[in-house]
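Here the structure comes first, spelled out in structure tokens, and everything after it is commentary.
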Amino acid sequence: MAGRNFLFVPGPTNLPDRIQRAMMISMEDHRSPIFPRLYESLLPGLKRVFRTETGVPFIFPSSGSGCWEAAIANTLSPGDKVLASRFGQFSHLWIEMCKNHGLEVHEIDCEWGTGVPLDEYEKVLSEDTKHEIKAVLACQNETATGVTSDIGGVRKVLDKVGHPALLFVDSVSALASVDFRFDDWKVDMCVTGSQKGLMLPAGLGILCVSQKALGLTSSAGLKRDYFDLDIMLNANKTGYFPYTPALPLFYGLREALAVIEEEGLDNIIARHHYLAEGARAAVFNGWGLKLCAKEPKWYSDTVTAVMLPDGVNGADIILRAFKRYNVSLGAGLSKVAGKLFRIGHLGDMNEVHLCAGISGAEMSMLDNGVKVTPGSGVAAAQEYWRNNEPPPGLLVR
Ligand code: PLP
């Protein structure tokens with residue numbers, strides 16, 4: 001097939017060529033005397049991405065889900081209570097994992113298209129006068145619905161009611177794309193994976209852990225081994241790993257952190273917002289369709305989930321986009337399966353690249369009988385981008 005595949009699933013994301021090249025290495029001995037130099041070179045950049053001075057980053061050869069497990073298994077005991085909200089497939093899966101580990105979850109079911117309900121968190125936490133809730137879970141960016149939640153707001157709620165629960169954040173599809181502040185928001189566990197904003201293949205689960213959370217590992221009663229933070233920390237202290245690390249991904253991560261440093265985290269966040277505004281202009285002003293996200297406060301700058309008119313199956317849109325136009329769009333999952341498609345625009349992306357996703361989605365919708373005006377999505381996105389100042393990362397220097 002001629003031409004390239006245009007990847008618009010919200011992870012894995014597009015890899016800059018230089019990151020891809022950085023991973024083309026011969027295998028090395030991960031117990032050699034020079035290996036610690038590679039591992040230790042990653043930590044300062046990772047800490048800057050998490051915006052932390054006191055948090056400790058852990059790198060597991062796993063995907064993001066492994067770090068969900070590491071977060072709970074290293075700090076909690078069977079029967080412990082956690083507070084969590086469900087508003088999409090990923091917030092749902094983390095809740096299920098907690099239950100499978102024998103935790104008691106105070107679940108708040110929210111409408112899909114909304115996010116972490118701060119008022120309800122405040123109510124539940126203020127009523128928990130005995131402080132039985134040990135951890136509060138928040139999915140910063142629900143990738144399934146294109147909804148971003150206010151994590152700083154969760155911290156404010158905890159502080160307002162004086163609740164000592166740990167704050168666990170899933171930032172898998174937000175970190176290095178949407179504002180995240182480990183220290184300012186006093187986050188205890190931040191879970192992410194390599195295949196989203198970090199512009200790497202899947203394969204690294206990255207977890208940032210607070211000193212408070214690290215202090216709980218010896219009293220945590222949940223069983224763990226592979227994801228045991230103390231075992232990992234003891235090995236990491238010497239510059240090594242308790243098992244075989246994913247060496248090429250480490251070289252890729254070193255390059256990705258350099259790419260991030262060069263553009264600057266604030267500029268990256270601004271670029272994601274600017275691109276997302278163009279995508280939203282395509283949906284609203286071009287196609288006249290709706291987002292899954294119900295209100296502007298929930299709009300995600302990393303993934304745009306587009307609701308389809310009744311009678312149109314999202315799976316058909318995605319299949320046609322892939323087979324006819326070689327464009328990969330994200331599918332609706334679980335409750336929203338078939339009702340929407342998703343355009344992922346996180347990581348290495350610019351306006352013209354994103355036009356390919358908007359255009360591919362538009363052609364596929366037209367082919368499937370959706371009544372949108374040909375060219376209207378790209379025209380509306382262009383209109384936004386041409387009339388608004390671009391962040392520095394989009395300019396060739
Ligand atoms: N959390 C969110 C918000 C995600 O989007 C994903 C995956 O897309 C996960 C968790 C699970 O991560 P992984 O697939 O890397 O295990």
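Annotation: of all residues in the stretch 234-265 being under 17 Å from Gly205 (Cα atoms) and hydroxyl-bearing (Ser, Thr, Tyr), the one that is nearest to the chain's Cα centre (by Cα) is Tyr251.
Scanning the stretch 221-238 for residues that are part of a loop (DSSP other than H, G, I, E, B) and either among the hydroxyl-bearing types (Ser, Thr, Tyr) or surrounded by 20 or more Cβ atoms within 10 Å (Cβ to Cβ) (or both) turns up Tyr226, Phe227, Thr238. Scanning the stretch 130-167 for residues that are within 12 Å of the ligand (Cβ to nearest atom) and not charged (D, E, K, R) yields Leu137, Ala138, Cys139, Gln140, Asn141, Thr143, Ala144, Thr145, Gly146, Val147, Thr148, Ser149. Looking across the stretch 162-212, just one residue is among the β-branched types (Val, Ile, Thr), over 14 Å from the mean Cα position of the chain (by Cα) and farther than 21 Å from Val147 by Cβ, and that is Val209. Residues considered: Asp228, Asp316, Asp266. Of these, the only one that is under 30 Å from Met365 (Cβ atoms) and among the charged types (D, E, K, R) is Asp316.
This table checks each residue for (1) part of a loop (DSSP other than H, G, I, E, B); (2) surrounded by 14 or more Cβ atoms within 10 Å (Cβ to Cβ); (3) among the acidic types (Asp, Glu).
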| site | (1), (2), (3) |
| --- | --- |
| Thr304 | no, yes, no |
| Asp316 | no, yes, yes |
| Gly338 | yes, yes, no |
| Phe341 | no, yes, no |
| Gly347 | yes, yes, no |
| Ile358 | no, yes, no |
| Glu362 | no, yes, yes |
| Pro390 | yes, yes, no |
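Residues in the stretch 85-106 that are free of Cβ contacts under 8 Å to residues at least 40 places away in the same chain and within 21 Å of the chain's Cα centre (by Cα): 5 in all.
Every read-out reported here was derived from the displayed coordinates using simple, explicitly stated rules and does not represent laboratory data. This structure is a prediction, so every number in the text was calculated from the model and none was measured. Using ideal geometry, Cβ is built from the backbone for each residue, glycine included, and neighbour counts are taken over all protein chains shown.
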